[in-house]
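Comments concern the structure below.
The values are calculated or read from the model by the stated rules, or taken from the named source; none is laboratory data. Treat the numbers as computed from the prediction; the structure is a model and nothing was measured. Glycine also receives a Cβ, built like all others from the backbone with ideal geometry; neighbour counts cover every protein chain displayed. Remember, those area values only see protein heavy atoms, side chains included, never the ligands or the DNA or RNA. Shrake-Rupley method; radii C 1.70, N 1.55, O 1.52, S 1.80 Å.
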Amino acid sequence: MRKNKETWWKEAVVYQIYPRSFMDSNGDGIGDLQGIIHSLDYLADLGVDVIWLSPIYDSPNDDNGYDIRDYQRIMKEFGTMDDFDMLLEQAHQKGLKIMMDLVVNHTSDEHEWFVKSRQNTDNPYRDYYIWREGKKSGLEPNNWESCFSGSAWQYDETREMFYLHLFSKKQPDLNWENSRVRHAVYDMMRWWCDKGIDGFRMDVINMISKDEELPDGKNINGLFGDFSPYVMNGPKVHEFLREMHDEVLSHYDLMTVGETPNVTTEEAKKYAGEETNELNMIFQFEHVEFGGEIGKWTDKKIPLVELKRIMSKWQTELEGHAWNSLYWNNHDQPRAVSRFGDDRPQYREISAKMLATCLHFMKGTPYIYQGEELGMTNYPFSQIDQFKDIESINAYKEIVGNQRLEHDQMMSCLRFKSRDNARTPMQWSNNKQGGFTTGKPWLPVNPNKDEVNAEVEVNNPNSVYHYYKKIIQLRKKHSIIVYGDYELLEERHEQLFVYRRCLENEHLLVLCNFSDEVIKYKMPMQLEQYDVIITNNQRKVLESEMELQPYEAFVIKY
Ligand code: NOJ
C-alpha cells in the first residue's frame, strides 16, 4: 500500500470566506476585513486550519472582486492594507493560515496595465492582453462565447482592435505568452509571500494558455462557439505553472490550489502531481457541473449513482499520483444542503451532517464554504430583479431573451444554481439582518436566519456546527482519515453512499443515506470489534441487518 508524503496542507481543513458577505463591521452593508478579524475566534473554535479569502483587492466590482484593478491595494469597502496586516497577524497568532485568491487569467479593464495597453499599439503594455483585428469590418476575431454570455470579444474604439475577455467585458484576459506579463505576476506574488501569506487559490488557472490560432469553437447555441478546447488546459499551461513554481512557489512554504474547470484526472496528475512541481491540488468540477441542460443551468439533482461514480473516479485515479481537494460548494455554487442534501426543515440538519460525513472522510483536503458549517440553505428567490450576480443576470437575459427557456423554467434553474445563493450574508444571529450588518445588506439575508445562525448553533451541542467541529477534531486524531486508501462499496445502490478507507491494518467504513426513506441494509462484513466514531443519528451498535433512517450517516473504525 502506498502512503503519501505527509504534509501540513494534506492534513488541513480550509474555510472559505467570501468577504463581501461574511461580516460587516461598519454598517455599510458590505462585509469587511475588520469583520473577519472579529470572527477569528469563531473560526479557531471551529478548528479549521486555513482561511481562503476570496479577492480582497482594489476592484470596480463588476464581478465582486474577481476583476482586479490593483493587486497590491485593498478594496476600499473592505478596509485598508493596515487592516489586512492586522488580519494576517491575528490569524497567525490563533494558528490560522491565510490563503489568498490569485486572479491572473485576467485583470479589470481599469487596471493600469489595461488602461495603458488600450491607448495605442506603440507602448510597453501593448501586448499585455490578447488583442486582435476583427475578421471583416465589425466582425469579432472568432465565435467564442464568454462565460458570462455574449461574445468573448470587445471592440475598443481607442485602439481600434478587439480584446479577448473570457468573462465579463470588464475582465480582459492577460497575455501569458508575454514573459513580461508572467514576470510582473510573479513579482506581485512574491510581494504577498514576503508579507507572510500562506498560500494561493488560483482562479481559472488552467485557462491562462490559449491556442494562439484562436480557432472558432463548436457552435453551442446557434450564436456562439465553445472556447473550451482551445483554452482549458491549453498548450503551455504546464510550462507556465512550472515556471511560476520555480520563480515563486518553491521559495516559500505555501499551500496552492488551482481552480481548473474541464479538467480530467490525467491533467490533474500533472497539475497536482506529487512530483510535478506545479500545484498542491486542484478543484475539479465534474460533480458540480453534471447535468447542465443549457450551459450550467438545470434545476435537477445529480443522481446518487453518478455522484458516486464521479467522486470515486477522482479518489481512485489520483491515488498515489496527486492530491484531491474536496468540496460541495463555494461562492460560485449553490448551497450544499439545498443541492445534494435536503433543505426541508425536518431534514436540513441531519442531511447537512450526512453531507459533511460523506465528504470529510474521503481522501483529500476538505473545503468548507462560509455558512456550510451551519447548514445554510439556498435563498427563496422569486423575482429576477433580486439577483445581483452578473452571470445570473446575463444568463437570464440571453436564455429567456432568445426563448431558449420560459421565464418560470429559468427562474427555477436560477433558484437551484445561481451563485447568489452562496452570497447572501452569513447568518450570525437572529438579530435584524442576521447579525451580519447594522445597515442594509448588499444582498438580502435568508428569511430562515432565526433558526439557522451561528449563535444558536454554537450554543447547541447537537447542531450542524458542532458536528463539523467534531469531524475536524477526528481528522486531527486519526491519520487514516487523511492518508488511508479509498474503496467504493455498493456502487449501484441508488440511495446509499458507502465506502471504506484503509491504512495499514486500520479501516473505516463510511455509510451515508442520501435519501428521505428508511433503507434496509445488510452490513458488508461481520464485525466483532468496532467503534462508531461519528453518527448523526445516535447509532451505537451495528446490527447485521439495519434500518437506516432518512439521511442517516455514521463512520465506524475497525
Ligand atoms: C472563477 C471565480 O470563482 C468566479 O467567481 C469568477 O467569476 C470567475 N472565475 C472569473 O474570475
Under the condition of being in contact (Cβ under 8 Å) with a residue 60 or more places away in the chain and of a type outside the set (A, V, I, L, M), which residue from the stretch 254-282 is farthest from N324 (Cα to Cα)?
-> E267
Only one of G341, G292, G364 is out of contact with any Phe, Trp or Tyr (no Cβ under 9 Å at 6 or more places or on another chain) and not hydrophobic (A, V, I, L, M, F, W, C), namely G292
Between residues in the stretch 42-57 that are over 16 Å from Q473 (Cβ atoms) and residues that are buried (at least 18 other Cβ atoms within 10 Å of the Cβ) and among the acidic types (D, E), which pairs lie under 6 Å by C-beta distance while being six or more apart or on different chains?
-> S54/D101; P55/D101
Please enumerate the residues belonging to the stretch 394-413 that are in contact with a Ser or Thr (Cβ under 9 Å, 6 or more places away or on another chain) and either within 13 Å of the ligand (Cβ to nearest atom) or open to solvent by less than 30 Å² (accessible area, probe 1.4 Å) (or both).
-> N394, A395, E398, I399, M411, C413
Filter result for P461 (modelled with pLDDT under 95 and out of contact with any helix residue (DSSP H, G or I) (no Cβ under 7 Å at 6 or more places or on another chain)) = no
Return yes or no: is L166 within 30 Å of V248 (Cβ to Cβ) and assigned to a loop (DSSP other than H, G, I, E, B)?
-> yes
On the given criteria, is T316 closer than 21 Å to Y483 by Cα and either open to solvent by 50 Å² or more (accessible area, probe 1.4 Å) or at pLDDT below 95 (or both)?
-> yes
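Please work out if D101 is in contact with a Phe, Trp or Tyr (Cβ under 8 Å, 6 or more places away or on another chain), of a type in the set (D, E, K, R) and within 16 Å of the ligand (Cβ to nearest atom).
It is true that D101 is in contact with a Phe, Trp or Tyr (Cβ under 8 Å, 6 or more places away or on another chain), of a type in the set (D, E, K, R) and within 16 Å of the ligand (Cβ to nearest atom).
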Just one of (1) of a type in the set (S, T, Y); (2) surrounded by fewer than 18 Cβ atoms within 10 Å (Cβ to Cβ); (3) farther than 26 Å from L326 by Cβ trips up Y163, so point out which.
-> (2)
Residue under evaluation H92, criteria (1) in a loop (DSSP other than H, G, I, E, B); (2) touching a residue at least 60 places away in the same chain (Cβ under 8 Å), criterion not met | (1)
Matching entry among N430, N446 (being in contact with a Phe, Trp or Tyr (Cβ under 6 Å, 6 or more places away or on another chain), modelled with pLDDT of 95 or more and not basic (K, R)) = N446
The correct count of residues that are of a type outside the set (S, T, N, Q) and within 16 Å of the ligand (Cβ to nearest atom) in the stretch 104-139 is 8
Subset of the stretch 61-91 [under 14 Å from H111 (Cβ atoms) and open to solvent by less than 40 Å² (accessible area, probe 1.4 Å)] = N61, D63, G65, Y66, D67, I68, Y71, M75
Give, as residue ranges, the strands (runs of 3 or more DSSP E) completely inside the stretch 492-558 that count at least 1 residues that are touching a Lys or Arg at 6+ places or on another chain (Cβ under 8 Å).
-> 496-503, 506-513, 531-535, 545-548, 553-557
Output for the stretch 22-60, where each listed residue is within 16 Å of the ligand (Cβ to nearest atom), closer than 15 Å to W442 by Cβ and of a type in the set (S, T, Y) | S54, S59
Near pairs, Cβ below 6 angstrom, 6+ apart or cross-chain, from the stretch 63-86 (in a strand (DSSP E or B)) to any residue that is among the acidic types (D, E) = D70/D58; R73/D58
Options R419, R423; residue that is in contact with an Asp or Glu (Cβ under 9 Å, 6 or more places away or on another chain), open to solvent by 10 Å² or more (accessible area, probe 1.4 Å), within 16 Å of the ligand (Cβ to nearest atom) and closer than 22 Å to S54 by Cβ | R419
Only one residue in N142, N178 is surrounded by fewer than 18 Cβ atoms within 10 Å (Cβ to Cβ) and either more than 15 Å from the ligand (Cβ to nearest atom) or not basic (K, R) (or both), so which one is that?
-> N178
Filter the stretch 324-360 down to residues that are assigned to a loop (DSSP other than H, G, I, E, B) and acidic (D, E) and give me whichever is farthest from the ligand (Cβ to nearest atom).
-> D342
Being modelled with pLDDT of 95 or more and in contact with a Phe, Trp or Tyr (Cβ under 8 Å, 6 or more places away or on another chain) narrows F78, F114, F84 down to just F114
Select from the stretch 117-131 the residues that are at pLDDT 95 or above and open to solvent by 80 Å² or more (accessible area, probe 1.4 Å) and write down the one among them that is farthest from W176 (Cα to Cα).
-> Q119
Pull up the stretch 147-160, narrow it to residues that are open to solvent by 10 Å² or more (accessible area, probe 1.4 Å) and within 16 Å of the ligand (Cβ to nearest atom), then point me to the one that is nearest to S137 (Cα to Cα).
-> Q154
